[in-house]
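The values are calculated or read from the model by the stated rules, or taken from the named source; none is laboratory data. This is a predicted model, so every value here is computed, not measured. Cβ placement follows ideal geometry from the backbone for every residue including glycine, while neighbour counts extend to all protein chains displayed. Ligands, DNA and RNA are stripped out before the accessible areas are found, and what is left, the full protein with its side chains, is counted by its heavy atoms. Shrake-Rupley method; radii C 1.70, N 1.55, O 1.52, S 1.80 Å.
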Amino acid sequence: MNKKILLTGVSIAAGCAMLFTTAFASMTGNTGYEIYKEAVKNTVKAKSFTADVRMTFKDNGKVMAEMDSTMKQSHEERAMSHITNAKVQDKEVKMETYANEDNVVLKKGSSDEYYLIKNDKKDFGRHDRKLNCAEDPEMSKAGEVVLDALVGDLKNYVSASGNSEGGSDVTIQLEGNQIPAVVNALASLGAKGAAKDGNRPHAHGPAPFDENFDLQPPKLVDDIKITKVDVKAKINKDKTIESQIITAVLTGKDAEGKSHQIEFSADMKLKNVNSTTVDKVDLTGKQVKELKPEDIKGEHSR
Amino acid sequence: MNSLTACAVNETERIFLKKKTMVLLIITMLIPVLGAIGVGFFQKGLGIMPVSASEFSVWILGIFTNFLLPLFIGMAAVDLFAGEIGDRSIKITLLRPVSRLGIFSAKIIALAAYIVVNLGIIFLVSSFSTFFLEGKEGLIWGMTKGLLAYNAAILPMLLIAIAAVFIAQLFKNSSGALVILILIYFGLNIVSTVFPGISNLMITSYTDWHLLWTAGWGQLGRIFTVFMFILSYSIIFLASGFYLFERREL
């Protein structure tokens, strides 16, 4: 009898020791998810940055649209500038956007005409205050709790490994069963709706540029599915994101039963963090056409 | 050893000869079929394919391991222990020429057999149900992954059985034990959702373990961590469950 009690006692002690070791090891090791989340937070907090973004949109391996843009953004100056070169179905277009608290200036690369949108409501400033709100520690903490709960078990698929420069490489790979069915269903329905709405799946241009974006995505009607979501991020030793490639693959069939594999990828490189000066445009002596903000809103909500 | 085998067979029969078990097994068979019809509706009616044929069996497994199987297993575990005390048949069981350790092990083996049979049925029925579904590209690879996932799912389910056995020792009848088990199960799930930081420690948070096995080599470390958690919890609950069973006055 005593022998049995001893045996049970030893087993329980051994089990507890194993449990504590495992728990301790799994808690101290900074998980890929935590590393990535911290880097995203630090990057969003940056006072200014320059981002080179390259987006491609492929259908069955054929490039349908490409977009290269240089974005400069500064929270201090409350301003941003985007210079974008897009190629949509062999048609090239260049766009420049300059925005600050008072107005937004748009320019189509080929013409000398500038479009000016006066911002009476100080929209840009208001947007900026929202960002400040995200920096409010209590709010962001509550947001984080919600985010962590939503992400749930998906955080297991974020893996990180240290790289030679003292930072880390983070990869997120979701395929097949790893993508929750509900998320997949909603995203597939969204993609279907976007394709049905017509020619502008994601590349909404401001009103004057609209005609250049007659990207014709294949109209998928059957078996629509997100098959893959891939994120590869490089985080530098200051714990901010240095570069990041996001790839998402959507498959489906069009009305004629032809299979399509649509791949969307965004390659982003961040530089001059906290030391970027936003490009400005001097409108004196230039051809300027004023647009009302309502015109653009009308276009977007159609 | 022979008497242990006989005892294990006996306990397994006790589970399977119950009318309740048969009804539950029929429900287990129906759910993958209904699931396939539901997913098929999404495919045909809405044109979207959130779950393709090749992913279907692993998806169905997730539905079972997250709620239904723990419930079925809890019911069986409670019947084998608290239920036996409730209907006083435990005295007859203990009169057999087998030690209490033997009887305890036999009951755990019977529960393991119940889990394996359940998973086997789900795998077979869900594999056949995929004939109704679109997206059969890579079906063989999907089935291989599925087989791996189903085998992996045995362990977390066994842990739930062992934990249920431990809790059942504290009760004198099965219905009380089952209600408490269900409350604990949901309680732990809520705690894991609200405090994801400690969800690793919750025995209910390993029910998706099988998904890691389908996610490629990158998950080996995580698979090992969860395995260690399952192993240590199993040892603790087995030992303490047996201690309570051994000391029980009847």
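Observations, loosely collected:
- Flag for residue B:42 being more than 28 Å from residue B:234 (Cα to Cα), open to solvent by 60 Å² or more (accessible area, probe 1.4 Å) and free of Cβ contacts under 8 Å to residues at least 40 places away in the same chain: yes
- Residues that are in a strand (DSSP E or B) and closer than 18 Å to residue A:50 by Cα, drawn from the stretch A:79-110: A:79, A:80, A:81, A:82, A:83, A:84, A:85, A:95, A:96, A:97, A:98, A:99
- Hey, residue B:178 at pLDDT 90 or above and more than 10 Å from chain A (Cβ to nearest Cβ) or not: yes
- Unique match (being at positive phi and either in contact (Cβ under 8 Å) with a residue 12 or more places away in the chain or in contact with a Leu (Cβ under 7 Å, 6 or more places away or on another chain) (or both)) among A:269, A:239: A:239
- The residues listed here are B:176, B:197; of these, the one that is at negative phi, surrounded by fewer than 16 Cβ atoms within 10 Å (Cβ to Cβ) and free of Cβ contacts under 8 Å to residues at least 60 places away in the same chain is B:197.
- The residue list B:203, B:223, B:236 contains one member that is touching a helix residue (DSSP H, G or I) at 6+ places or on another chain (Cβ under 6 Å), facing another protein chain (nearest Cβ under 9 Å) and among the aliphatic types (A, V, I, L, M), which is B:236.
- Meets criteria (within 14 Å of chain A (Cβ to nearest Cβ) and either assigned to a helix (DSSP H, G or I) or crowded, with 19+ Cβ neighbours inside 10 Å (or both)) for residue B:36: yes
- Search result, residues across the stretch A:79-106 that are without any contact (Cβ under 8 Å) to a residue 60 or more places away in the chain and within 20 Å of the chain's Cα centre (by Cα): A:82, A:84, A:85
- Taken together, the criteria place residue A:23 among residues that are on the phi < 0 side of the Ramachandran plot and in contact with a helix residue (DSSP H, G or I) (Cβ under 7 Å, 6 or more places away or on another chain).
- No other residue among B:159, B:133, B:201 is at pLDDT below 95, out of contact with any Lys or Arg (no Cβ under 9 Å at 6 or more places or on another chain) and within 25 Å of residue B:223 (Cβ to Cβ) apart from B:201.
- Every condition in (1) facing another protein chain (nearest Cβ under 7 Å); (2) under 24 Å from residue A:32 (Cβ atoms); (3) not in a loop (DSSP other than H, G, I, E, B) holds for residue B:198 except the one numbered (1).
- Considered as a group, the residues in the stretch B:138-154 that are open to solvent by less than 60 Å² (accessible area, probe 1.4 Å) and at pLDDT 90 or above include one that is farthest from residue B:206 (Cα to Cα), and that residue is B:146.
- Scanning the stretch A:145-169 for residues being among the hydroxyl-bearing types (Ser, Thr, Tyr) and away from chain B (no Cβ under 14 Å) gives a total of 2.
- The stretch A:170-179 - residue that is over 19 Å from residue A:37 (Cβ atoms) and either more than 7 Å from every other protein chain (Cβ to nearest Cβ) or β-branched (Val, Ile, Thr) (or both) and, of those, surrounded by the fewest Cβ atoms within 10 Å (Cβ to Cβ): A:175
- Among the residues of the stretch A:22-41, the ones that are in a helix (DSSP H, G or I) and more than 8 Å from every other protein chain (Cβ to nearest Cβ) come to 12 in all.
- Which listed residue, of B:102, B:138, B:142, B:146, is within 14 Å of chain A (Cβ to nearest Cβ) and at positive phi: B:138
Here's the yes/no breakdown for (1) touching a Leu at 6+ places or on another chain (Cβ under 6 Å); (2) outside any helix (DSSP H, G or I); (3) open to solvent by less than 50 Å² (accessible area, probe 1.4 Å):
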position	(1), (2), (3)
B:156	no, no, yes
B:172	no, yes, no
B:187	no, no, yes
B:219	yes, no, yes
B:241	no, no, yes
B:249	no, yes, no
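- From the options B:24, B:80, residue that is of a type outside the set (S, T, N, Q), assigned to a helix (DSSP H, G or I), under 22 Å from the mean Cα position of the chain (by Cα) and under 25 Å from residue B:242 (Cα atoms): B:80
This table checks each residue for (1) out of contact with any strand residue (DSSP E or B) (no Cβ under 6 Å at 6 or more places or on another chain); (2) of a type in the set (Val, Ile, Thr); (3) closer than 30 Å to residue B:84 by Cβ.
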site: B:198; (1), (2), (3): yes, yes, no
site: B:221; (1), (2), (3): yes, no, no
site: B:230; (1), (2), (3): yes, yes, yes
site: B:239; (1), (2), (3): yes, no, yes
site: B:242; (1), (2), (3): yes, no, yes
site: B:246; (1), (2), (3): yes, no, yes
site: B:249; (1), (2), (3): yes, no, yes
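- Any hit, the stretch A:66-78, residues being in a loop (DSSP other than H, G, I, E, B) and free of Cβ contacts under 8 Å to residues at least 40 places away in the same chain: yes
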